[in-house]
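Here is the structure we will look at, set down as structure tokens.
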Amino acid sequence: MAKENCIISLQGVSKVFDGTTVVDNISLDITKGEFVTILGPSGCGKTTTLRMIAGFEMPTEGTILLNGEDITSIPPYKRPVNTVFQRYALFPYLDVYDNVAFGLKLKKIPQVVKDKNGNPVLDKDGKEKIKMVHLSKKEIDNKVMKALRTIDLEELADRDISTLSGGQQQRVAIARAIVNEPEILLLDEPLGALDLKMRKEMQLELKDMHKKLGITFIYVTHDQEEALTMSDTIVVMKSGEIQQIGTPLDIYNEPVNAFVADFIGESNIYNATMTGNKKVRFLNHVFDCVDDFPVNEKVDVVIRPEDVILTKVSEVKAENLTGKIVTKVFKGVHYEYLVMVGKAEVEVRDTKDREVGDLVKIDVEPMNIQIMKKELTRNIYPTAWINNKNQVILGEDGDPFECDVTQLLKGSSLDEEGFLISQDGKKYDLNDADVTAEIGLDAIEIIDGYDNGDTNGDIVNIVYKGDHYQVMVRTDDEEDFILDTLYTWNEGDQVSVKVAKENIKLTLKGEINKYEIK
Amino acid sequence: MKSSKPKFALFKRKYLCIPYGLFLVMFIIIPILIIVYYAFTDDNGMPSINALVGFFTNWSKVNVLITSVFIALQTTLLCLLIGYPLAYFLADKKVNKNAVLITLFVAPMWINFVLRTGATRDLLTWMGINGGNMPYLATLIGMVQNYLPFVILPLYTTMLKLDKSQIEAAADLGANPFQVFYKSILPQSVPGIVSACTMTFMPTMSSYVISDTLSEGKITLFGNYIYLDFANNLWHDGSFMALIMLVIIGISMFLTREKGGAEQKGGKSW
């Protein structure tokens, strides 16, 4: 059930385009009057989600509720929702006034039919007869002028769209949407085409407008700063899935995983291990922290550049974490330093002027060390199976990998026909056996180009972990390989991946007896 | 500061239009002047309005003019009615992969015009529509068949450029599918409609091969009349009619330019 006061609710919504899942089973409740931002990199499904709320796309699965009513299959023109489009989509053949009045002129409102004496006409059931009528010219005029006043453009009412600047067109697009008094205003990266200064101004204006109008705003952007500035709630999306929902403060201070941390603001992300009660070890140094995780658990830590405290030291001491400043960039209010600790990089923001080459001691307040459960320490493929050549296929379809099936039964070996022979001479045919396959992050080799490995795909995500990159490769069959690499790759690179036979760990589902040949 | 231009800069870019300028003067401006000259002189080369008076007092000539305008309008309208939905359909990338279909629709233009019209006549006769019994219908069919590609092409180009987000915006603002069509798609395609009309209306006005062939001479269009006058050595009458044609085309050009310009900037799509 949708929670109270919830204006729109997505329930298990998925969208598949030509076999590619763009939005993957997301559920989201949006409270009335909220300013919600859907944030994510391009291609994460955020615009598709917005378009499903607007009605331009039909979800492949799931339902969308508006005020508790199912609107999943209602066409856009019947939804009390208006959109501000990415490229404004103003009508160039209409002037500013007519653009804003477009929706009002189409609108029909119920009106009681009255006879000559002004008494309501009754129908045969004795109820007042109601007719749908267009708004009067005067009503339209009032509303349009009010909307134009809201955006400070009333003096431009009779101007041609093409004579307006980008910022003015943006305002007209907003006026055109809000004039219809929608229950929800959808904004699809509306500030993307504006320059930085204009964008900052519009951010504040939009926030102001949201307060004044009191309607629900759903805002889509890939700009994390925009999201942090304007929203009540941020929904972070990646690869069609929701990663985290929370207030800007929550998302910034307590990202749930390395992706969110990396995406929201600059951050240092490291692989770490819990070494004791509220003690975490990374960069070869043990830090105190406030998060409680089981000892020896592998975790990710995030440290914001502004939370790193530098102190100049003259010599390296064993009890301190010491590094050397290698670059320095002046950013106006602060300096941005890159400090090398061994092979790992630490990004630091500091207002003090330091010199490149300085030795510095690095400290971080315990509460500024954000520890996150490691999303993945291994790649796990729960639906893998063995084919008739004793190779493993990781998903339902996909390229086969050479693997060692003898690990499924201790002390077994393969005969020349490819059957598995146990120590005591029993014979098994593993064709079509369902297994779970596991591959370590460091066991996957990544090679440039499509034809150089066991299978191939495109890089969909990269997170820098201080001294190495964590790369996600997605194949055509939607199989993901997460791997650690020292080399720099780019998102969208076409690569092959290769896994050595001995690095694929297999676990049989069910008993091996059912594959025995008697 | 004085700019130091190299010597060859003396050759200005505008010199490049000299060849066309010469062509324009020789084959367009001078002939028009000759037409005007012949239209307002008599056989002795003296100024005269005989041709003008002759035209407007000859009911059959005015009648032919009206018929021609009428047929041209009908042809244009029919072409639009057939071509518009077709172009909209063809502009869908899923339907018209690699633009093969649009090429097929334009392919008739590759065949010799007179030959094509002859073939149409034979086909229509075989279907029972011949110049003998239905000269008007036969002419109209021939005209539409001949000028349809000229309507499809500019409309197709416009349809390819339709702004999908404007169409979505209209739907978003409460327009039902029919309202989306006449409030967003139609206004967006005005430039295409204008150039389609220009490319159909004017040539149909002056064409005479089609009506001659298909109506077996029963329908005389303005073009036929001009041709006949010149063939019969009535140069002054012929020239005056050619001048009238020129004026009509001028007026229609002026009207469509006005319209196309106001509706959408940079709208000429052909």
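Provide, for q = 0.11 Å⁻¹, the log10 of I(q)/I(0) from a solvent-free Debye sum over equal Cα point scatterers in chain A.
-1.09
Round to the nearest 0.05 the FRET efficiency obtained for A:LYS108 and A:ASP250 when R0 = 30 Å and r is the Cβ-Cβ distance.
On the way: r = 44 Å, r/R0 = 1.45.
The formula returns an efficiency of 0.10 here.
Can you find, among A:HIS285, A:VAL256, A:LEU430, the residue sitting farthest towards the positive end of the charge dipole of the protein assembly as shown, where Lys and Arg contribute +1 and Asp and Glu -1 at Cβ?
Farthest towards the positive end: A:VAL256.
Taking amide hydrogens as modeled 1.01 Å from N in the peptide plane, which residues meet the under 5 Å criterion relative to A:ASN25, leaving out close sequence neighbours?
Amide H to amide H, under 5 Å and 5 or more residues apart or across chains, A:ASN25 pairs with A:SER14, A:LYS15.
Measure off 7 Å from each Cα along the Cα-to-Cβ vector at B:LEU246 and B:TYR182, then give the distance between these two points in nanometres to one decimal.
4.1
D for the range A:350-440, whole µm²/s, Stokes-Einstein with Kirkwood Rh over alpha-carbon pairs at 4 °C and 1.567 mPa s: what number? Please list the in-between numbers first.
Numbers: Rh = 17.4 Å.
Once the numbers are plugged in, D ends up at 74 µm²/s.
Under 5 Å between amide H atoms, partner at least 5 residues away or on a different chain: which partners does A:ILE38 have, H built in plane at 1.01 Å?
Correct list: A:TYR219, A:VAL220, A:THR221, A:VAL235.
What span do the alpha-carbon atoms of the range A:44-144 cover on each of the three principal axes, reported in whole Å from largest to smallest?
Projected onto the principal axes, the Cα atoms of the range A:44-144 cover 61, 38, 18 Å.
Please average, across the residues of B:162-168, the number of beta carbons from any other chain that are within 10 Å of each residue's own beta carbon, and give a whole number. Intermediate results must be reported in sequence, preceding the final value.
Working: counts 0, 6, 2, 9, 8, 2, 8.
Going residue by residue through B:162-168 and averaging, the value is 5.
Which one of B:THR75, B:THR125, B:THR198 has the biggest mean-square fluctuation once chain B is modelled by GNM with Cα springs under 10 Å?
B:THR125
Kindly provide log₁₀ I(q)/I(0) values, in the same order as q = 0.10, 0.17, 0.18, 0.20 Å⁻¹, from the Debye equation applied to equal alpha-carbon scatterers of the range B:1-132.
Calculated log10 I(q)/I(0) at the listed q: -0.82, -1.14, -1.16, -1.20.
What Kirkwood radius, in Å to one decimal, follows from the Cα pairs of the range A:1-44?
Taking every pair of different Cα atoms in the range A:1-44, averaging 1/r and inverting gives 12.0 Å.
Below 8 Å, C-alpha to C-alpha, sequence gap of six or more: please give me the relative contact order for chain A in percent.
Details: 1098 pairs, mean separation 54.5, N = 518.
Once divided by the residue count of chain A, the mean separation gives 11 percent.
How would you order A:98-111, A:75-88 from highest to lowest mean count of nearby Cβ atoms within 10 Å? Display every interim value, and only then the final one.
Working: A:98-111: 18.6, A:75-88: 20.4.
My ranking of the peptides, most packed first, is A:75-88, A:98-111.
Please name whichever of B:THR198, B:SER215, B:ASN232 sits farthest to the positive end of the charge dipole of the range B:150-241, dipole taken about the Cα centre and charges placed at Cβ: Lys and Arg +1, Asp and Glu -1.
Going by the charge dipole, the pick is B:THR198.
Could you work out which residue, out of B:ASN50, B:ASN130, B:ASN176, moves most in a Gaussian network model of chain B, that is, has the largest mean-square fluctuation with Cα springs under 10 Å?
Of B:ASN50, B:ASN130, B:ASN176, the Gaussian network model singles out B:ASN176 as fluctuating most.
What percentages, rounded to whole numbers, describe P(r) for the range A:202-345 computed over all alpha carbon pairs with 10 Å bin width beginning at zero?
Binned Cα distances yield the sequence 9, 30, 31, 20, 9, 2, 0.
What are the membrane-span-like helices in chain B by this rule: whole DSSP H runs, Cα extent along the axis at least 27 Å, mean Kyte-Doolittle hydropathy at least -1.0?
Numbers: long enough: B:59-90 (45 Å, 1.50); B:135-160 (37 Å, 1.17); B:235-263 (42 Å, 0.74).
Taking the DSSP H segments of chain B (at least 27 Å long, mean hydropathy at least -1.0), we get B:59-90, B:135-160, B:235-263.
Using a 7 Å offset from the Cα along the Cα-to-Cβ direction at both B:VAL95 and B:CYS17, what is the distance between the two label points in nm, to one decimal?
4.0
Ordered by residue, what ³J(HN,Hα) values in Hz, to whole numbers, does the range A:488-505 give under the Karplus form 6.51 cos²θ - 1.76 cosθ + 1.60, where θ = phi - 60° and Gly and Pro are x?
With coefficients 6.51, -1.76 and 1.60, one gets 7, 10, 10, 4, x, 4, 9, 9, 10, 10, 9, 10, 5, 3, 6, 8, 9, 9 Hz.
Taking 30 Å as the cut-off for C-alpha to C-alpha distance, list the pairs among A:LYS207/A:LYS373; A:LYS410/A:LYS465; A:LYS143/A:LYS211 that go past it.
Numbers: A:LYS207/A:LYS373 34 Å; A:LYS410/A:LYS465 38 Å; A:LYS143/A:LYS211 19 Å.
Among A:LYS207/A:LYS373; A:LYS410/A:LYS465; A:LYS143/A:LYS211, the Cα-Cα distance tops 30 Å for A:LYS207/A:LYS373; A:LYS410/A:LYS465.
To test your reading of the geometry: what angle, between 0 and 90 degrees and rounded to tens, separates the Cα axis of helix A:137-150 from the longest principal axis of chain A?
It works out to around 50 degrees.
Could you compute the net charge surrounding A:TRP489? Neighbours are other residues with a C-beta less than 11 Å from the C-beta of A:TRP489; K and R count +1, D and E count -1. Present the calculation step by step, with values, prior to reporting the outcome.
Working: positive: none; negative: A:ASP448, A:ASP458, A:GLU491, A:ASP493.
Cβ neighbours under 11 Å give a net charge of -4.
Output ³J(HN,Hα) for the range A:129-136: one whole-Hz value per residue in order, computed from phi by the Karplus curve 6.51 cos²θ - 1.76 cosθ + 1.60 with θ = phi - 60°, and x for Gly and Pro.
Here the 3J(HN,Hα) series is 7, 10, 10, 8, 10, 6, 5, 6 Hz.
Run a plain Debye calculation on the range B:113-270 (Cα atoms as equal point scatterers, no solvent) and give log10 I(q)/I(0) at q = 0.14, 0.20 Å⁻¹, rounded to two decimals, same order as the q list.
Log10 I(q)/I(0), no solvent term: -0.85, -1.15.
Mind checking the mean number of beta-carbon atoms from other chains within 10 Å of the Cβ atoms in A:77-83? Working shown, then result.
Working: counts 10, 3, 3, 1, 1, 4, 6.
Per residue, the average neighbour count from other chains is 4.
Output the direction-averaged projected area (hull surface divided by four) of the convex hull of the alpha-carbon atoms of the range A:264-373, in nm².
6.9
Mind listing which GluC sites (Glu not before Pro) in the range A:363-448 are in a DSSP loop and have 10 or fewer other Cβ atoms within 10 Å?
Numbers: sites: A:GLU375, A:GLU396, A:GLU402, A:GLU416, A:GLU417, A:GLU438, A:GLU445; in loops: A:GLU375, A:GLU396, A:GLU416, A:GLU417.
Those satisfying the criteria are A:GLU416, A:GLU417.
Go through the range A:313-318 residue by residue and turn each phi into a ³J(HN,Hα) via Karplus (6.51, -1.76, 1.60, θ = phi - 60°); whole Hz please, and just put x for glycine and proline.
10, 9, 9, 7, 10, 4
Give me the distance in nm between label points sitting 7 Å out from Cα along the Cα-to-Cβ direction at A:THR351 and A:GLU511, one decimal.
About 7.2 nm separates the two model spin labels.
Volume per residue, Å³, of the convex hull around the alpha-carbon atoms of the range A:456-501? Before the final figure, lay out the partial values.
Numbers: hull volume 3.4 nm³, N = 46.
It comes to 74 Å³ per residue, whole-number rounded.
Using 1/(1 + (r/R0)^6) with R0 = 51 angstrom and r between the beta carbons of A:ASP18 and A:ILE309, what's the FRET efficiency to the nearest 0.05? Write out the running numbers ahead of the final one.
Working: r = 51 Å, r/R0 = 1.01.
Efficiency, rounded to the nearest 0.05: 0.50.
Kirkwood-based Rg over Rh for the range B:78-143 (C-alpha set), two decimals?
Details: Rg = 14.9 Å, Rh = 13.8 Å.
Ratio value, two decimals: 1.08.
Would you mind giving the three semi-axes, in whole Å and largest first, of the ellipsoid equivalent to the range B:110-151 according to its Cα gyration tensor?
Values: eigenvalues 67, 29, 10 Å².
Whole-Å semi-axes of the equivalent ellipsoid: 18, 12, 7.
Using only the Cα atoms of chain B, build the gyration tensor, take square roots of its eigenvalues as a ≥ b ≥ c, and label the shape rounded, prolate or oblate: rounded if a/c is under 1.5, else prolate if a/b is larger than b/c, else oblate. Kindly include the intermediate steps, with their values, before the conclusion.
Values: a/c = 1.94, a/b = 1.15, b/c = 1.68.
Oblate, since a/c reaches 1.5 and b/c is not below a/b.
How long are the three semi-axes of the equivalent ellipsoid for the range A:378-517, computed from the Cα gyration tensor as the root of 5 times each eigenvalue, in whole Å, largest first?
On the way: eigenvalues 204, 38, 29 Å².
Each semi-axis is the square root of five times an eigenvalue, giving 32, 14, 12 Å.
Remind me, relative contact order of chain B in percent, using alpha carbon pairs under 8 angstrom and six or more residues apart? Working shown, then result.
Values: 272 pairs, mean separation 72.6, N = 270.
Reported as a whole number, the value is 27 percent.
Would you tell me the mean number of C-beta atoms belonging to other protein chains that fall within 10 Å of each C-beta in B:178-184, as a whole number?
On the way: counts 0, 3, 2, 0, 0, 6, 4.
Per-residue shielding by partner chains comes out at 2.
Given a Förster distance of 25 angstrom, what is the FRET efficiency for A:THR488 paired with A:GLU266, based on the Cβ-Cβ distance and rounded to 0.05?
Working: r = 18 Å, r/R0 = 0.71.
Computed FRET efficiency for A:THR488 and A:GLU266 comes out at 0.90.
If you add up the charges near A:GLU266, with Lys and Arg at +1 and Asp and Glu at -1, over every other residue whose beta carbon is less than 10 angstrom from its beta carbon, what do you get?
Working: positive: A:ARG304, A:ARG349; negative: A:ASP262, A:GLU306, A:GLU336, A:GLU347.
Neighbour charge sum, excluding A:GLU266 itself: -2.
Grab the other residues whose beta carbon is less than 14 angstrom from that of A:GLN407, score K and R as +1, D and E as -1, and report the net. Mind showing how you got there, number by number?
On the way: positive: A:LYS410, A:LYS501, A:LYS505; negative: A:GLU402, A:ASP404, A:GLU438, A:GLU502.
It works out to a net charge of -1.
None of the figures in this text is laboratory data; all of them are computed from the coordinates on show. If you're wondering where the values come from, they're calculated on a predicted model, not measured in any experiment. Positions of Cβ are backbone-derived with ideal geometry, glycine not excepted, and every protein chain shown enters the neighbour counts.
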